[in-house]
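Below is one structure; the comments refer to it alone.
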Amino acid sequence: MKYNSSLRFIKVRYAFAGPFLFLFTLVLVYPIFDCFYLSFHYLNVLYPKNTRFVGLDNWFSLFSDANFLKSLKVGLGYAFYVTIISYVIGLLIAVALDVNYPGRGVFRSLLLLPWVVPGVVVGLIWRWLFHEEFGILKLASKATGLPIDIRMLSQTGTAFWAVIIASVWRNSPFLMLMLLAALQAIPQDVKEAARIDGATGFQTFWYVIFPYLRPVTIVSTILIFIWTFNNFDLIWTMTNGGPADATTTVPLYAYLRGFRGGYLSYAASISVSMFMLLL
């Protein structure tokens, strides 16, 4: 009887799992296939009847598009700086939290808040903080009497770093959490053996602790780089890609060409190129 009931349960489970996996695969694969399909066609939403196969014309246009190459440069720089700075800050916070003291759990929970806040909300928060009249720099100028006149979001040189600051504020807690988990998994005997052998604090960290962090470092930094390169909502909320395309990354450029310009096929080729790059 137990064998029959177990067999019946397995049959029922697979009866539900089969259609679910089929639908999940369909939903997952079809948009990717359709995006590849569009990248080899010409499609303007204003003239859908003129859709035609153009082969590699979109790709040739892509590699000679100065605006796309600029967005690629901006996107790679943005993702690189955010990943490096977020890792350093996350590592420093993780090392500071890897010590037992009262209230550590509460402090750790508070530090995780930026990571769980939606990107649109983060963009709105930092857009307000960098406001030209009511932002934190303007308030600091009034409080100190110093002539601080840095318009972070309206100047090409500072807008790029403004979105980096906001992204670092959001991504550092994730790296802190990953690195802290790795630090707490290191055997205490290894650290004590290094101290007994006379290793300094830096030597203990670099030669003993950091090798344990290397696998987590590789995985977490790759994830942060991919997430940051694909980021759309935070940058769009803060700057809309401006000023003068200083913060227009590849996802924003694809959106502008596809949904603002109407060339969905060209936007698809941009998305496919981004997919191949990250892959």
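Given the criteria modelled with pLDDT of 85 or more and either open to solvent by less than 60 Å² (accessible area, probe 1.4 Å) or in contact with a Cys (Cβ under 9 Å, 6 or more places away or on another chain) (or both), does residue 92 qualify? Lay out the reasoning, then the answer.
Working: modelled with pLDDT of 85 or more: yes; either open to solvent by less than 60 Å² (accessible area, probe 1.4 Å) or in contact with a Cys (Cβ under 9 Å, 6 or more places away or on another chain) (or both): no.
Answer is no for this residue.
Looking only at region 104-131, how many residues end up being among the charged types (D, E, K, R) and under 21 Å from the mean Cα position of the chain (by Cα)?
Total satisfying the criteria: 1.
Out of all the residues in region 121-171, which are in contact (Cβ under 8 Å) with a residue 60 or more places away in the chain, surrounded by 14 or more Cβ atoms within 10 Å (Cβ to Cβ) and β-branched (Val, Ile, Thr)?
122, 163, 164, 168
So the check is Cβ under 7 Å with 6+ separation or different chains; which pairs have a first residue in region 186-205 that's closer than 19 Å to residue 92 by Cα and at pLDDT below 80 and a second one that's part of a helix (DSSP H, G or I) and open to solvent by less than 60 Å² (accessible area, probe 1.4 Å)?
So the pair list comes out as 191/204; 191/208.
Which of the residues spanning region 28-46 are open to solvent by 80 Å² or more (accessible area, probe 1.4 Å) and of a type in the set (Phe, Trp, Tyr)?
30, 33, 37
Given (1) in a helix (DSSP H, G or I); (2) more than 26 Å from the chain's Cα centre (by Cα), where does residue 179 come up short, assuming only one miss?
Of the numbered conditions (1) in a helix (DSSP H, G or I); (2) more than 26 Å from the chain's Cα centre (by Cα), the odd one out for residue 179 is (2).
Being at pLDDT 85 or above, open to solvent by 60 Å² or more (accessible area, probe 1.4 Å) and outside any helix (DSSP H, G or I): is that true of residue 231 here?
Spelling it out, it is not the case that residue 231 is at pLDDT 85 or above, open to solvent by 60 Å² or more (accessible area, probe 1.4 Å) and outside any helix (DSSP H, G or I).
For the list (1) at pLDDT 80 or above; (2) exposed (fewer than 14 other Cβ atoms within 10 Å of the Cβ); (3) under 27 Å from residue 241 (Cβ atoms); (4) aliphatic (A, V, I, L, M), I need the number of the one condition that residue 62 fails.
All conditions are met except number (2).
The values are calculated or read from the model by the stated rules, or taken from the named source; none is laboratory data. Everything numeric here is computed off the predicted structure, so don't read it as measured data. Glycine also receives a Cβ, built like all others from the backbone with ideal geometry; neighbour counts cover every protein chain displayed. Keep in mind that these areas ignore ligands, DNA and RNA; they rest on the heavy atoms of the full protein, side chains included. Shrake-Rupley method; radii C 1.70, N 1.55, O 1.52, S 1.80 Å.
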